[in-house]
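The values are calculated or read from the model by the stated rules, or taken from the named source; none is laboratory data. Predicted model, so just to flag it, every value in this text is computed and none were measured. FYI the Cβ positions are ideal-geometry reconstructions off the backbone, even for glycines, and counts take in every protein chain you see. Remember, those area values only see protein heavy atoms, side chains included, never the ligands or the DNA or RNA. Shrake-Rupley method; radii C 1.70, N 1.55, O 1.52, S 1.80 Å.
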Amino acid sequence: MLSKRRKYTGWDGDSKGQLAGTQKFKDWVVFLNGGKIRNLGTWKVRPMRGKTQPSVHGTGRAIDFGYKNREDGLSLIDFLVRNADAFGVEYIADYFPPEGGRGWMCDRGDWKSYKKGVISGAPNGMWVHVELSPEVAKDAGYIDSVFQCLLKPAK
C-alpha cells in the first residue's frame, strides 16, 4: 500500500537530545520484535556518514534498527511502510539491496534504488534508518496510542 504523499522535512536543526516520541517508537519496535530487531542508535549530532551535511539523527527524529537476518529486516520495513502515515514516517533507508541500497520517502510514497555511495554502508548493510515527522517525534503519547490501536484484537 502506498501512503498519501506528505512533505519531507529532512534536517531542520539539531535538538538538545532525543525526542520523547522517537524514544517511545524505538522502545515499542524493539519490544514487539522480541530480540529480532535492535536499536543501533538514535540521537547524535553528527554529519551523515561519509558526507558533510548534518544527519537527521541530530534532530532527535531518526533511529537505526539492526537485524540479524534479512527476513526480520523486511518484516520491519513492511510494517513501517504500511503504517507510515500513522507514525509520521518520512524516510526509510534500507542499506541491504545491491547496488547501493534503497530509500522510501513520504513525498513520493515509493521506493527508489540508489547507486553505490549515495547512502554509506550499502549494499549488504543489516540495518534500517527511519526518520519521523517533527510532530510525531515529540509526542510519546501519540506513539503509544497508535501502537495500542494496532495491537487491539480485531472484532
Exercise for review: State to the nearest 20 debye the size of the charge dipole of the chain about its Cα centre, where the only charges are +1 on K and R beta carbons and -1 on D and E beta carbons.
Suggested key: 180
Study note, to complete from the structure: Carbon and sulfur atoms account, in whole percent of the 1.4 Å probe accessible area of the chain, for 55
Review point. In square angstrom, what is the accessible area per residue of the chain with a 1.4 angstrom probe?
Key: 53
Study note, to complete from the structure: Ranking GLU99, GLU131 from most to least accessible area with a 1.4 Å probe gives GLU99, GLU131
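Can you give the FRET efficiency to the nearest 0.05 for LYS115 and LEU74, using r as the Cβ-Cβ distance and R₀ = 25 Å?
After rounding, the FRET efficiency stands at 0.70.
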**Study point:** Computed lengthening from GLU135 to LEU151, 0.36 nm per intervening residue step minus Cα-Cα distance
**Key:** 3.5 nm
Check your understanding: Over 19 Å between Cα atoms, which of LYS36/LYS138; LYS7/LYS138; LYS7/LYS152; LYS44/LYS116; LYS36/LYS68 qualify?
Key -> LYS36/LYS138; LYS7/LYS152; LYS44/LYS116
Revision key, fill the gap. Using the Kirkwood radius over Cα pairs of the range 28-79, the Stokes-Einstein translational diffusion coefficient at 37 °C and 0.692 mPa s, in µm²/s and rounded to a whole number, is 272
Review point. Which listed residue (ALA93, SER120, CYS106) has the Cα farthest towards the positive end of the charge dipole for the range 1-149, taking +1 on Lys and Arg C-beta and -1 on Asp and Glu C-beta about the Cα centre?
Key: SER120
Practice item. Just read off the accessible area of CYS149 with the full protein assembly in place, 1.4 Å probe, to the nearest 10 Å². Key: 90
**Study point:** Exposure of LYS115 as accessible area (Å², to 10), given a probe of 1.4 Å and all protein chains
**Key:** 150
Check your understanding: Roughly how many debye, to the nearest 20, is the charge dipole of the range 68-138 about its Cα centre, given +1 on each Lys and Arg Cβ, -1 on each Asp and Glu Cβ, and no other charges?
Key -> 280
Exercise for review: Specify whether the C-alpha gyration tensor of the chain places it in the rounded, prolate or oblate class, a ≥ b ≥ c being the square roots of the eigenvalues: rounded for a/c under 1.5, otherwise prolate if a/b is larger than b/c and oblate if not.
Suggested key: rounded
